[in-house]
1. Using just the Cα positions, wrap segment B:2-76 in a convex hull and report its mean projected area in square nanometres, one decimal place.
2. Just to be sure I understand the model, the point goes 7 Å from the Cα along the line to the Cβ. What's the resulting A:ALA22 to A:ASP151 distance in nm?
3. Just the number please: accessible area per residue for the protein assembly as shown, 1.4 Å probe, all protein chains included, in Å².
4. What does a probe at B:GLU72 reach in segment A:53-80, counting residues whose amide N is under 15 Å from the point 7 Å along Cα→Cβ?
5. What number in nm² do you get for the protein assembly as shown if you take the convex hull of its Cα atoms and divide its surface by four?
6. Under a point spin-label approximation (7 Å from Cα along Cα-to-Cβ), what is the A:THR8-A:ARG133 distance to one decimal in nm?
7. Of the heavy-atom accessible surface of the protein assembly as shown (probe 1.4 angstrom), what whole percent is carbon and sulfur?
8. Summarise the partner chain shielding of A:54-61 as one whole number: the mean count of Cβ atoms from other chains within 10 Å of each residue's Cβ.
Amino acid sequence: MIYVAVQTDGFNSNDEEIKLEASSGHCGAIVTFKGVVRGYDQEPRLDYLHLEHFPGITEQEIERIIKQAQTRWQFTNCRVIHRVGDLAVGDPIVLVMVSARHRKEAFQAAEFIMDYLKTEAPFWKKEYFQDGRSGWVEAKSSDTLQKQRWDSK
Amino acid sequence: MIKIRYFGSFKDTLSLCEEELVWQSGSTDDLLSVLRKRDELWAETLSDKNIFRLVVNQQIIYQSVLLNDGDEIAILPPVTGG
């Protein structure tokens, strides 16, 4: 079962894991990645992030990414939740959860989905700093390289 | 008329979320050409050198397509989610 949600509300990864487990039966591995709004590692200091997306297209793209992962690894169950709107430092922002028969498939599928999500799903981050400045986050070439790694695997 | 929607940094740079444009005929490439001719800012923002994607009627397109009256086009800057 594939579940994709783009929402302003927070999520509880334990609750999501219970839901994934309930639909997974006989899986040997569950991998969870939770992304959190990182702060205070740059100057000026981050106050909060604003996440914008393209309703309809974003969900469609995430599902496409999951299906692409399914052509490479055997797994049937995946939950992806991405938050939008205003998020404070420390807030959970994204959850990628994959259950599979074996750990390698679950690990790799989760990493693949996350790498593609960062470079293909239409989300845009705007940083608001404590000194009042703000600006859109630019796409990182390291994220693109991370994604391109999968081409040779 | 066609409707054009702008996302992310493009909204701020071009000071526009969406607009409607009278459209006789032409492709997405023709549309970009029309928009780039507006002024230097538009030309720079939508330059070929920049990476951006187009969505026509809720479908991401990978090559130029013909635009028809009533179509909705979205212009997406590089994504930065996750």
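The values are calculated or read from the model by the stated rules, or taken from the named source; none is laboratory data. Bear in mind the structure is a predicted one, so any value in this text is a computation, not a measurement. Note that we place each Cβ from the backbone using ideal geometry, even for glycine, and neighbour counts take in every protein chain shown. Calculation scope for accessible area: heavy atoms of the full protein, side chains included, ligands and nucleic acids excluded. Shrake-Rupley method; radii C 1.70, N 1.55, O 1.52, S 1.80 Å.
1. 4.5
2. Label-label distance for A:ALA22 and A:ASP151, simple model: 4.2 nm.
3. Solvent-accessible surface per residue comes out at 52 Å².
4. A:53-60
5. So the mean shadow area of the Cα hull is 14.1 nm².
6. 2.9
7. Answer for the protein assembly as shown: carbon and sulfur cover 47 percent of the accessible area.
8. For this peptide, the per-residue mean of nearby foreign Cβ atoms is 4.
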